[in-house]
1. Mind telling me which of the residues GLY100, GLY126 ends up being closer than 20 Å to SER394 by Cβ, in the same structural domain as ILE14 (by TED's automatic domain parsing), away from the ligand (no atom under 16 Å from the Cβ) and in contact with a Leu (Cβ under 7 Å, 6 or more places away or on another chain)?
2. Restricting segment 384-401 to residues that are within 13 Å of the ligand (Cβ to nearest atom) and buried (at least 23 other Cβ atoms within 10 Å of the Cβ), which is farthest from THR136 (Cα to Cα)?
3. Give all pairs with beta carbons closer than 7 Å in which a residue from segment 295-311 that is under 27 Å from ARG282 (Cα atoms) meets a residue that is of a type in the set (Lys, Arg); count only pairs at least 6 apart in sequence or on separate chains.
4. How many of the residues making up segment 68-103 are under 15 Å from LYS143 (Cβ atoms), under 16 Å from the mean Cα position of the chain (by Cα) and either part of a loop (DSSP other than H, G, I, E, B) or not hydroxyl-bearing (Ser, Thr, Tyr) (or both)?
5. In segment 350-379, how many are part of a loop (DSSP other than H, G, I, E, B) and either more than 14 Å from the ligand (Cβ to nearest atom) or under 15 Å from VAL331 (Cβ atoms) (or both)?
6. State all residues of segment 58-89 that are crowded, with 23+ Cβ neighbours inside 10 Å and within 16 Å of the ligand (Cβ to nearest atom); if no residue qualifies, say none.
7. If you scan segment 164-208, which residues turn out to be part of a loop (DSSP other than H, G, I, E, B) and of a type in the set (Lys, Arg)?
8. Restricting to segment 219-253, name every residue that is touching a residue at least 24 places away in the same chain (Cβ under 8 Å) and under 10 Å from THR275 (Cα atoms).
Amino acid sequence: MQHIIDRFISYVTIDTEADPNSNTTPSSAKQWDLANKLVEELKNIGLQDVTIDDKAYIQATLPSNIDREVPTIGFVSHFDTTPDFTGANVKPQIVHNYDGGDIVLNKEQNVVLSPSYFEDLLLYKGQTLITTDGTTLLGADDKAGITEIVTAMEYLIQHPEIKHGTIKVGFTPDEEIGRGADFFDVEKFGCDWAYTMDGSQIGELEFENFNAAGVKLKFKGKSVHPGYAKGKMINSMLLANKYISKLPKKQVPERTQDYEGFFHVVHFDGSIEETNVELIIRDHDRKKFEKRKKFAQKIADKINKKYEKQFGGDIVEIQIKDQYYNMREKVEPVMHIVSIAEKAMKNLGIKPIIKPIRGGTDGSRLSYMGLPCPNIFAGGHNFHGKYEYVPVESMQKAVEVIIEIAKITAEIKK
Ligand SMILES: [Zn+2]
């Protein structure tokens, strides 16, 4: 257990916060600090063909130790942390034998991690938790995933009696700013399928995510002195308001769950002359997703038509852009890759929690790049903030899941 704690702490104490305002890859130079360390470590534990490219993408190989042909599988995680909360000077705290009560993260600032607000904590009574000191995020997202993959590979190398096929390891920068898959060399990776170790609670297994589109709307107004505006002024803010009022009121993030999709207004800035609105559209169902996009277009068309005589031309400009798709489409034809992960968990006494992701993952992008890639728990909770924590026992279980998947896959004929 200490080994896994030490490894995890050696990663989270290196700041790797991604920078959405940078155009380079990795987006922040400091991501190299951990990337370079990981390369050394992967070599030290005995992996083969350890490579890092000029964008800090890391790949490594654990060669097969059997003489029959079995599928090549991969495990993927990301070493950057979100820019939503600071990841500098992380000072992890270890709570042994958690008693189910409040955990004071920071006395001076009165930051308390409490099960009365975060009920999930009670799942881990008696376990060892790693928390923050209340001033930073922890970085379990996704350095827990990296810890688990490295530890599992090390275990397999030290235990050659466990039979497995070729296993590949892939670590990426910039997942948190949606670019983790951008330069992933799927062909070089050469896997039949892979798993991202990037989920939360123990047992999580995900192969469905949203279909996603972004909508940009520009409402064009006409400013005239309000005293003389009759029949002349176009107030673009009121037009934008009209548009928004046509969207279904109940289909918003704060009123939807599970498989319910939504329209979400994420930006509004306006003056009389011009108002810009941005929406995002999300739906797991591809047909409903397409319908939502059409609906967004239709409202704009109607407003244009209605005011054509009065104001002329297109007073609403609309741009709809697909962002990512539900990986289910790509995973369904190869559902055995989900069944294998499910079986691995069951073999280890872990109850699989299969649920749709209400967001996207790098795995969904990779799935569309030709690498089907469901997501498995990494164990952490409350990602992207100061309440982030991870039970060490969950990380250990994730290590075991990786090893178990390797074993099961070694039984499959290619
Ligand atoms: Zn993550």
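The values are calculated or read from the model by the stated rules, or taken from the named source; none is laboratory data. As the structure is a prediction and not an experimental result, all values here were calculated from the model. Cβ placement follows ideal geometry from the backbone for every residue including glycine, while neighbour counts extend to all protein chains displayed.
1. Numbers: GLY126 fails: in contact with a Leu (Cβ under 7 Å, 6 or more places away or on another chain).
Within the list GLY100, GLY126, the selection yields GLY100.
2. VAL390
3. ILE299/LYS246; ILE303/LYS242
4. 7
5. Number of matching residues: 15.
6. Answer for segment 58-89, where residues must be crowded, with 23+ Cβ neighbours inside 10 Å and within 16 Å of the ligand (Cβ to nearest atom): PHE75, VAL76, SER77, HIS78, PHE79, ASP80, THR81, GLY87.
7. Within segment 164-208, the first condition is being part of a loop (DSSP other than H, G, I, E, B), and the residues that meet it are 164-166, 173-174, 178-185, 190-192, 200-203, 207-208.
ARG179, the sole residue that qualifies.
8. Passing the criteria: PHE219, LYS220, GLY221, ASN235, SER236, MET237, LEU239, ALA240.
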